[in-house]
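Worksheet for the structure shown next.
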Protein chains: 2
Amino acid sequence: MVDGALRAVRTDPALHLLLVGPIEVADELIGALDPAQRARVTVRPVRTAVGMADHPTAARGESTVRTAVQAVRDGLADAVVSAGSTGATVTAAALGLGRWTGIRRPALAATLPAVEGPVVLLDVGGTLEPGPATLARHALLGAAYASVAHAVTAPRVGLLSVGLETGKGDRLRRTAAPALAAAPLPCDGRYVGLVEGYDISLGARADVVVTDGFTGNVLLKAIEGAYAMAGGPPSRGGAPRAAALLGVGGTVVVCHGAAGSEDLASGIALAAHLWRRDAAGTVRALLDDIPHDFAPDRHDTEVAP
Amino acid sequence: MVDGALRAVRTDPALHLLLVGPIEVADELIGALDPAQRARVTVRPVRTAVGMADHPTAARGESTVRTAVQAVRDGLADAVVSAGSTGATVTAAALGLGRWTGIRRPALAATLPAVEGPVVLLDVGGTLEPGPATLARHALLGAAYASVAHAVTAPRVGLLSVGLETGKGDRLRRTAAPALAAAPLPCDGRYVGLVEGYDISLGARADVVVTDGFTGNVLLKAIEGAYAMAGGPPSRGGAPRAAALLGVGGTVVVCHGAAGSEDLASGIALAAHLWRRDAAGTVRALLDDIPHDFAPDRHDTEVAP
């Protein structure tokens, strides 16, 4: 944490950090900074953190992640970056910053540096069990995010499945495919149908790949493992270890639970990039232009029958 | 197909092929063989094949895959290798060869050459929507298969999820974890708990990774895509493009739908390896020693509520 925060402060001269956590960690960081730079770091001492094994709703109590979210809500910070429990961060952000109209289930979007340009993979762990209507909403989020955050024009949106042919997949995919085909995608986005696992790394078929948060999470880690096996990630970059939380009222970035200093620094850089572009506000405004009832989401609490 | 079959015949002098398909494809293959070798190839002309976009039950009619399965049932061949529709092959094999007692849903097992020895990933597409009891049965199949086919001693069996901590995952994983923990694993296998995406490539935590067929299939293809991005698979081998179908009464290997000649030859070699070890019979016998009612499977037709 200390090394990652130091790296971020040194890389980005316009960055200010509000550190939420144990005071001794903050002291270590401030002690390592050039005295002239110390005014760029503020500390909010909080001792209780939600552990990886805790239930996400533990974030309802006083905790580092909840305090960080409240700082954004109160205007004391512009963005939250957390490498803690994903579930706790999603819960704290949804409760503390609110969700956008029409978005009941936020999505974590990870951007992979594919051969043919960036691929936005969502969800990578925000919503583990979406229904088809949630996947359709995530398609809207992904198309808008690819355009706003990564300047992808007319994003091609695909639904991840086990084959390209219509009808391939489990029930969730079979019911979601028509919902995605009917989704009014923003930014001249278009639905390109089913895509496969290769397409996440190669990017030939789609700029945005939609899947449930369980599959997206294990996939991202499998790709990371494959790069480690192959002797390191490709030159244009490996699997990201930071992802943007879309659908909540603020800029929130979730880093990998095992993030190293470089991962944390790139998560902070992502948060700064998104905030400077007002990505959250712009994506939200793009979605506000779309009728919220384009796909009923009453089945969203479970895999549709 | 022709190149793959030729490669297999030339590599393995003890191999005999029964080709089931259009006669002109068979003629091309036989024409390319040394005349002294032609007796090693027999042809069963069948014109109708189940297409990738067809429903798997199309295999109930006269088709290449059904004819190939019948040849095994009738003792005219020892194993089936198909690069056609996975669903059609699974359906034809289950109907034509029968399923083992206690195995309602067959599993496709793929073996990845991980850093610390082979990792058996199952299911990679045999059963897209298993319940927890099916995952527990697949854990038994995987442990026995790792031992019999790959000589793994005391296989460590993990359940793929989004984190290592108990309780991580969607409802299927949360209900399956106790079922796997209670499963009487053969071959001194032991359940090691939840594992993550990395573990499939690295193999540090588990020798057998259990997941649903949807997730396993997209994962395997994502790993293949990542190796392509990284400039090629690692020296010990990439993602396999052939998998063994476990739980049906015979040796059945399913190759990737986009298998090239090398993939097809390695699928044929896998089938020969499994048949020579009597892997199907040995795995089945190992499971016959286990009470079939160790986990109720009445919820197996859907994700458990």
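Quick note: the coordinates plus some simple rules give every number you see, no bench work behind them. Everything quoted here is computed from the prediction, not taken from an experiment. As a convention, Cβ positions derive from the backbone with ideal geometry for all residues, glycine included, and neighbour counts pool all protein chains shown.
Summary table below
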item	result
Shape call, region B:123-168: gyration tensor on alpha carbons, a/c limit 1.5	oblate
Teacher prompt: residue B:52 distances to equivalent labels in other copies, 7 Å Cα→Cβ, nm	3.8
Across the identical copies, how the residue B:37 labels are spaced - nm, sorted shortest first, 7 Å along Cα→Cβ	6.6
Share, in percent, of DSSP beta bridges within chain B that are antiparallel, nearest 5	40 percent
Selection from A:256, A:16, B:85, by position along the positive dipole direction of the protein assembly as shown (Cβ)	B:85
Given charges at beta-carbon only (K, R positive; D, E negative), |dipole| of region A:118-269 in Debye	240 debye
Largest-first principal axis extents of the Cα set of region B:64-213 (Å)	48, 30, 26
Check: the protein assembly as shown dipole with +1 on Lys, Arg Cβ and -1 on Asp, Glu Cβ, in debye	300 debye
Qualifying lysines (Cα of each under 18 Å from Cα of residue B:221; at least 8 residues distant if same chain)	A:168, A:221
Euclidean distance of C-alpha centroids, region B:59-119 and region B:204-241, integer Å	21 Å
Sorted by Cβ density within 10 Å, fewest first, the residues B:72, B:81	B:72, B:81
Antiparallel bridge percentage (DSSP; both residues within the protein assembly as shown; nearest 5)	40 percent
MRE, 222 nm, helices only [DSSP H, n ≥ 4, -39500 (n - 2.57), over the protein assembly as shown, to nearest 500]	-12500 deg cm²/dmol
Positive dipole terminus of the protein assembly as shown, leading residue within B:177, A:184, B:294 (C-beta point charges)	B:294
Estimated distance in nm for a label pair at residue A:42 and residue B:262, the labels positioned 7 Å out from Cα along Cα-to-Cβ	5.8 nm
Nearest-20 debye value, chain B charge dipole, Cβ charges on Lys, Arg, Asp, Glu	220 debye
Cα-based shape type of region A:3-131, given that a ≥ b ≥ c are square roots of the gyration tensor eigenvalues and the cut on a/c is 1.5	oblate
Residues A:262, A:196 arranged by fewest to most Cβ contacts within 10 Å	A:262, A:196
Copy-to-copy label separations for residue B:258, where each label sits 7 Å from Cα toward Cβ, in nm and ascending	2.9
Burial ordering of B:255, A:187, fewest other beta-carbon atoms within 10 Å first	A:187, B:255
Candidates per trypsin sites (Lys or Arg not before Pro) in region A:1-99, loop by DSSP, up to 16 other Cβ within 10 Å	A:47
Which of A:162, A:218, A:103, positive extreme of dipole for region A:48-288 (C-beta unit charges)	A:103
